[in-house]
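Asker: Sharing a structure below in structure tokens format, with a few things to ask.
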Amino acid sequence: MHRWIGTTFAAALLSACVTINVYFPAAEAKEAAREFVEKVIGDEAAPAAQPAPEPPRPGGGSASLMPQRDVGFDWLALVGIGSAHAQSTSGQGSADINIKTPAIQAIQNRMADRFRNQLQAGFDAGALGLTRDGMVEVRDASKLALKDRVATTQAVADDNRDRRAVYKEIAVANGHPEWEDQIRSTFAQQWIASARSGWWYQDAGGSWKQK
């Protein structure tokens, strides 16, 4: 009987660990994508809203606006996974997506330089568009000067290579290579959200639309 209880408890702990491993912090990924994209295209991010001050509590200190949970005996805390499990299942943990590694920063700098010097004119002219999978495409080469077409096409290829690399690098740098597809999807949405008025992008069905 005791052996069965021990086995069941061990299985529960294993399940908790698996939950932690597959949790994808969507909100944090979206914020990281916004920061990355807006630096590349040159737009400064809007200042973050400052939280309202907490009301004073009688006797000094401040009162927390968060409800206090009943603290009981936490079996998961014995193995150090109680808090992580709560964050992973609620989706409200404080996990961050790190985009400050040297490799990611190098790609970001290359992309920002390429955008300013080679791609921005193509986007503004309507020659280039943002695809639904987070890439760049030559949508209408006729809108490019003949002398610029080869160079712009090469710049698009280089940029797409960097985009694929950065989606993978962000996932790997954060210890979850399996997040690559989710990182790509998050960035794809952010490129379009940050696109300037007049730029072209693909909707979910693949049709081109102008912002």
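Asker: Only residues that are basic (Lys, Arg) and either within 17 Å of Val37 (Cα to Cα) or in contact (Cβ under 8 Å) with a residue 24 or more places away in the chain (or both): list them for region 177-210, please. Even if it seems obvious, please write down each step before you answer.
Answerer: Narrowing region 177-210 to residues basic (Lys, Arg): 184, 196, 209.
Arg184, Arg196, listed by residue number.
Asker: May I ask you to list pairs of residues, at least six apart or on different chains, whose Cβ atoms are under 7 Å apart, with the first in region 119-132 being without any contact (Cβ under 8 Å) to a residue 40 or more places away in the chain and the second being in a helix (DSSP H, G or I)?
Answerer: Short answer, once both residue conditions are applied: Gly122/Thr152; Ala125/Lys143; Ala127/Ala141; Ala127/Lys143.
Asker: May I pose another question? With the condition kept exactly as written, say whether any residue in region 144-154 is closer than 19 Å to Thr101 by Cβ, in contact (Cβ under 8 Å) with a residue 24 or more places away in the chain and among the aliphatic types (A, V, I, L, M).
Answerer: Initial filter on region 144-154 (closer than 19 Å to Thr101 by Cβ): none.
Scanning region 144-154 turns up no residue that is closer than 19 Å to Thr101 by Cβ, in contact (Cβ under 8 Å) with a residue 24 or more places away in the chain and among the aliphatic types (A, V, I, L, M).
Asker: Here is a further query. Where in region 99-211 are there helices (runs of 4 or more DSSP H), lying wholly inside it, with at least 2 residues that are of a type in the set (Asp, Glu) and over 16 Å from Val40 (Cα atoms)? Quick ask: steps written out before the conclusion?
Answerer: On the way: elements: 102-114, 120-125, 149-173, 180-194.
Of the helices (runs of 4 or more DSSP H) lying wholly inside region 99-211, those with at least 2 residues that are of a type in the set (Asp, Glu) and over 16 Å from Val40 (Cα atoms) span 180-194.
Readers should treat all values here as calculations from the given coordinates under stated rules, not as data from a laboratory. Remember, predicted model here, so these are calculated numbers, not experimental data. With ideal geometry, Cβ positions are generated from the backbone for all residues, glycine too; neighbour counts draw on all protein chains shown.
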